[in-house]
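For reference, the structure discussed in these notes is given below.
The values are calculated or read from the model by the stated rules, or taken from the named source; none is laboratory data. Predicted model, so just to flag it, every value in this text is computed and none were measured. Every residue, glycine as well, gets a Cβ built from its backbone with ideal geometry; the counts of neighbours run over all protein chains shown. With ligands, DNA and RNA removed, areas are computed over all heavy atoms of the protein, side chains included. Shrake-Rupley method; radii C 1.70, N 1.55, O 1.52, S 1.80 Å.
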Amino acid sequence: MSDLETFRAETRVWLEANCPPEMREPVRDETDACWGGRNPTYKSPAQKLWMDRMAEKGWTVPDWPKPYGGGGLSPAESKILREEMAKLGCRSPLSSFGIWMLGPALLKFGTEAQKIHYLNQIAKGEIRWCQGYSEPGSGSDLVSLQTFGEDKGDHWIVNGQKIWTSYADKADWIFCLVRTDKHDKYKGISFLLFDMATPGVTTKPIKLISGNSPFCETFFDNVPVPKDQIVGELNRGWDVAKYLLGHEREMISGAGNAPVGSLGALHKELMAQDPLLRAEMAKLDVDTLAFRAMGEKFIDEMKAGKGHPAQPNMMKYFGTELNKRRAELVMAAGGSDALEWESDGSGGGAKPRQWLRTKANSIEGGTSEVMLNVIAKRILDLPGA
Amino acid sequence: MPLYYDDDQAMLRDSASAFMKTEAPTTHFREFRDRNCSDGFSHDLWKQFAEMGFSGMLIPEDQGGLGMGHVEAGIVLEEIGRNLSPSPFLTTSVIGVEALKAADAATRGKWLPGIIAGETVIGIAVDEGAKHRPEQIAMTAERSGNGFRLTGKKQFVVQGAAADLLIVAARTAGAPGETDGLTLFAVDKDAAHLSMEAARLVDSSMGAHVNFDGVEVDADAVIGDVDNGWAVLTRMLDAGRIGAASEAIGVGAAAMDMTVDYLKQRKQFGRLIGEFQALQHRAAHLYAEMEVARAAVLKAQQLLDAGDPKAELMIAVAKAKAGQAVSLAVKEGVQMHGGIGMTDEYDIGLYMKRDRALAEFLGDANFHADRVARLQGY
Ligand SMILES: Cc1cc2nc3c(=O)[nH]c(=O)nc-3n(C[C@H](O)[C@H](O)[C@H](O)COP(=O)(O)OP(=O)(O)OC[C@H]3O[C@@H](n4cnc5c(N)ncnc54)[C@H](O)[C@@H]3O)c2cc1C
């Protein structure tokens, strides 16, 4: 057996023995996932056990280096782990903005001390992070942001407001874009990390059309931030921010964990009665399976340093538009049952809430229109885009 | 296995690309079209394919070929698509060879050397109506003497007029609509009572209507098992479907490149038209569709080469997705070129025509989306 085959066999045995049965059921929605943090809430003992066991092996972040809490796996080994987890239906043990967004940025831009400190916390699920990018006046045009950090020698004093900050009310720390020079738009932003428990930080949840309140307005009133809590150079935070957005877009695209099952296959009787709906389902299956291949290719290419650096924008555009289409068809197939907001017809409202939630996919992390702008400019090299 | 070309495959792509660009670019295509050549391709070029090792690339090494897989054949086909290089490669070296793999040693010994040498051409006789519906085959093959007598009509037999050998699917039992009862035959083009009417298609490629008026063949003309030909027929068609998808990807990629270049050159209202966001977004959307289609095609080819049973589903996905994405590429291409896109002098229209034929070949996007649904159980 080659080394990789041995690794595959051992991985399968380990997963069989260590992944609790409850953790082989699909995650129902965001609240069903494990987010870790200082004051974690676990839905079941199995959830905690699974996270701890995986963290112990470094497999919450399989391809990060071992000194930072990772598993130190090669691209080929991580792919095998993903494939074997998918075969058994193992859930991702830890959902985390630290893993998806901040971690990759720290790996590239952080100091060694920052990597050792923050990455280990992320890998073990000890600190839950939120993202302070958007402001009321700065959404797609993010670089116009106004939150200001005044230089006070060994620290900054931060004042301003963020908005749409996902899980700000539950997060322990924030990675935040702060203007540190008012004279240079792009080269006047710094990437700061600070504790949400710092005096002067307040959050106010915003209710969404789905009825949930996963995001907040976040206010900073004279918040002190020590100088060693900057990632990258002073005033060069935009480079860090953009790099992080690539990883965020990859995550939102669903590459690597796109839905597996065929929606049409769940509604065979209806498919026989409604040929037009069946045709849409068939086309959804085509795009879903094609996009899964794309996700695999994208990850393989990125790990091998072959892909276009702006490719996450394409992934996000396609993946989120596809996810919205899928949710529309869930509703169409569900008919009036799927309209029920709380009762059994729709799984206690899961279907309509999920349908509404997907509408944010093509807004959060950069809108579809912005993705198309970036593809046009950076990949197709079109003029003046 | 990672989902990108390894070093050998990347080298093959470079040499196939250089070869098609120099030996069979669109000017070569136009020359044959304008000459109204009844074969529709150059026999000299077909010999050059052999010198490059392309014509026998899918034939196992112990039978004189290169023993390569469908990923490699797809690489050659994509370059054919990009350059609109007219050749019998898809029907002969991909589909025909896949069928002959199931034939007995004598049949293989008779035809494979000519394929490897770039001398033999194969035509595929499956379709009987205007749409690809292989289970609807009605043509009969009745037992007669020690062999069979074939009676019926075939159409859309690509390269039929130039073919030396026809691979024919006929019914030895059962009724149209049934997958049981089909048998595959290797029929010499010169057989008695076989007549052919060549038809030039919209893309200037040559299709043919073939009439079998009681054509007698020996029992050893049978490929695979009598009455149980569906599996080998499907394997052969699937090889052709994924090959056609690769060629289509080449067609779409060339059309997209040409269009994006044009957006960077043409000025209106004092600006490059590529500065208009309405066009930028359409071009970017097209890019995403083409990328996803390309990934589906490569994934299907890898599964097919690995002998994975999921290949059948993924081939249907790939042919459907490529059909839809490439059709978008050529239509957007013509539209974004404006008036010049309607001229014969400009190549973009040639790509639109080629896509139309490839899209129809061995099942269009709807046929394959329907197949995906069936394979998923609805
Ligand atoms: C569920 C959810 C979670 C979020 N979580 C976070 C978070 O944790 N942290 C955070 O910082 N932010 C978060 N956001 C904010 C998100 O990043 C912004 O909503 C997004 O960037 C769009 O900004 P906007 O809402 O101001 O819309 P606008 O920028 O005002 O856009 C309005 C419309 O105009 C279009 N538009 C804008 N500019 C252009 C252009 N140049 N060309 C073409 N069309 C254009 C847009 O595409 C959109 O359709 C979240 C958003 C959602 C919905």
(message) Tell me which helices (runs of 4 or more DSSP H) are completely within the stretch B:1-106 and hold 1 or more residues being open to solvent by less than 50 Å² (accessible area, probe 1.4 Å) and of a type in the set (Val, Ile, Thr), or say none if there are none.
(response) B:26-34, B:70-83, B:97-100
(request) Taking residue A:89 as meeting all but one of (1) out of contact with any Leu (no Cβ under 7 Å at 6 or more places or on another chain); (2) at pLDDT 95 or above, write down the number of the exception. (result) (2)
(request) With the condition kept exactly as written, say whether any residue in the stretch A:247-267 is in contact with a helix residue (DSSP H, G or I) (Cβ under 7 Å, 6 or more places away or on another chain), over 19 Å from residue A:358 (Cβ atoms) and outside the structural domain of residue A:368 (by TED's automatic domain parsing). (result) yes
(message) Taking the criterion of being modelled with pLDDT of 95 or more, out of contact with any Gly (no Cβ under 7 Å at 6 or more places or on another chain), in a helix (DSSP H, G or I) and within 14 Å of another protein chain (Cβ to nearest Cβ), would at least one residue in the stretch A:50-66 satisfy it?
(response) no
(message) Being among the aromatic types (Phe, Trp, Tyr) and away from chain A (no Cβ under 14 Å) is the filter here; which residues of the stretch B:328-378 pass it?
(response) B:346, B:351, B:361
(request) Please verify whether the stretch B:246-263 includes one or more residues that are more than 23 Å from residue B:354 (Cα to Cα) and surrounded by fewer than 19 Cβ atoms within 10 Å (Cβ to Cβ). (result) no
(message) Take the conditions charged (D, E, K, R), more than 9 Å from chain B (Cβ to nearest Cβ) and either in a helix (DSSP H, G or I) or farther than 30 Å from residue B:370 by Cβ (or both) and apply them to residue A:278. Does it pass?
(response) no
(request) State the number of residues belonging to the stretch B:126-177 that are in a loop (DSSP other than H, G, I, E, B), hydrophobic (A, V, I, L, M, F, W, C) and touching a strand residue (DSSP E or B) at 6+ places or on another chain (Cβ under 7 Å). (result) 8
(request) Of the numbered conditions (1) in a helix (DSSP H, G or I); (2) more than 16 Å from the ligand (Cβ to nearest atom), residue A:100 fails exactly one; give the number of that condition. (result) (2)
(request) With respect to residue A:315, determine if the residue is aliphatic (A, V, I, L, M), within 10 Å of chain B (Cβ to nearest Cβ) and outside any loop (DSSP other than H, G, I, E, B). (result) yes
(request) Go through the stretch B:187-234 and give me each residue that's assigned to a loop (DSSP other than H, G, I, E, B), within 16 Å of residue B:158 (Cβ to Cβ), open to solvent by 20 Å² or more (accessible area, probe 1.4 Å) and not polar (S, T, N, Q). (result) B:189, B:201, B:202
(message) Restricting to the stretch B:264-286, and then to whatever is open to solvent by 20 Å² or more (accessible area, probe 1.4 Å) and facing chain A (nearest Cβ under 7 Å), can you tell me which residue is farthest from residue B:365 (Cα to Cα)?
(response) B:272
(message) of a type in the set (Asp, Glu), more than 30 Å from residue A:15 (Cα to Cα) and open to solvent by 20 Å² or more (accessible area, probe 1.4 Å): which single residue out of A:112, A:83 fits that description?
(response) A:112
(message) For the stretch A:140-162, give me each residue that is free of Cβ contacts under 8 Å to residues at least 40 places away in the same chain and under 29 Å from the mean Cα position of the chain (by Cα).
(response) A:141, A:146, A:148
(message) Filter the stretch A:65-85 down to the residues that are charged (D, E, K, R) and within 20 Å of residue A:122 (Cα to Cα) and list them by number.
(response) A:66, A:82
(request) Please find, within the stretch A:135-179, the residue that is farthest from the ligand (Cβ to nearest atom) out of those that are open to solvent by less than 20 Å² (accessible area, probe 1.4 Å) and among the aromatic types (Phe, Trp, Tyr). (result) A:156
(message) Are there strands (runs of 3 or more DSSP E) fully within the stretch A:117-177 with at least 1 residues that are farther than 17 Å from residue A:231 by Cβ? List them.
(response) A:148-151, A:155-166
(message) Being in contact with a Pro (Cβ under 7 Å, 6 or more places away or on another chain), open to solvent by 30 Å² or more (accessible area, probe 1.4 Å) and not hydrophobic (A, V, I, L, M, F, W, C) is the requirement here; does residue A:324 meet it?
(response) no
(message) With among the hydroxyl-bearing types (Ser, Thr, Tyr) and under 27 Å from residue B:77 (Cβ atoms) as the only criterion, which of B:120, B:172, B:151 stands out?
(response) B:120
(request) Can you confirm whether the stretch B:5-22 contains a residue that is at positive phi and not aromatic (Phe, Trp, Tyr)? (result) no
(message) Condition first: under 30 Å from residue B:272 (Cα atoms) and among the polar types (S, T, N, Q). Now tell me which residues in the stretch B:299-340 satisfy that.
(response) B:324, B:327, B:335
(message) Just checking, does the stretch B:65-83 include any residue being more than 28 Å from residue A:301 (Cα to Cα) and out of contact with any Asp or Glu (no Cβ under 9 Å at 6 or more places or on another chain)?
(response) yes
(request) Report, ordered by the first and then the second residue, all pairs with beta carbons closer than 9 Å, sequence separation of six or more or different chains, a first member in the stretch A:352-376 that is within 14 Å of chain B (Cβ to nearest Cβ) and β-branched (Val, Ile, Thr), and a second member that is more than 8 Å from the ligand (Cβ to nearest atom) and open to solvent by 50 Å² or more (accessible area, probe 1.4 Å). (result) A:375/B:285
(request) Please specify each residue of the stretch A:81-121 satisfying the condition of being hydrophobic (A, V, I, L, M, F, W, C) and within 16 Å of residue A:244 (Cα to Cα). (result) A:97, A:99, A:100, A:101, A:102, A:105, A:106, A:107, A:109, A:119
(request) Report, by residue number, each residue of the stretch A:115-129 that is within 13 Å of the ligand (Cβ to nearest atom) and open to solvent by 20 Å² or more (accessible area, probe 1.4 Å). (result) A:128
(request) Would you check if residue A:132 is within 16 Å of the ligand (Cβ to nearest atom) and surrounded by fewer than 22 Cβ atoms within 10 Å (Cβ to Cβ)? (result) no
(request) State which residue pairs qualify: first residue more than 12 Å from chain A (Cβ to nearest Cβ) and inside the stretch B:288-314, second residue assigned to a loop (DSSP other than H, G, I, E, B) in any location, beta carbons under 7 Å apart, and separation of 6 or more residues or different chains. (result) B:305/B:69
(message) If I filter the stretch A:227-238 for residues that are of a type in the set (S, T, N, Q) and facing another protein chain (nearest Cβ under 9 Å), do I get at least one hit?
(response) no
(request) May I ask you to say which residue of A:307, A:295 is in a loop (DSSP other than H, G, I, E, B), away from the ligand (no atom under 16 Å from the Cβ) and within 30 Å of residue A:77 (Cα to Cα)? (result) A:307
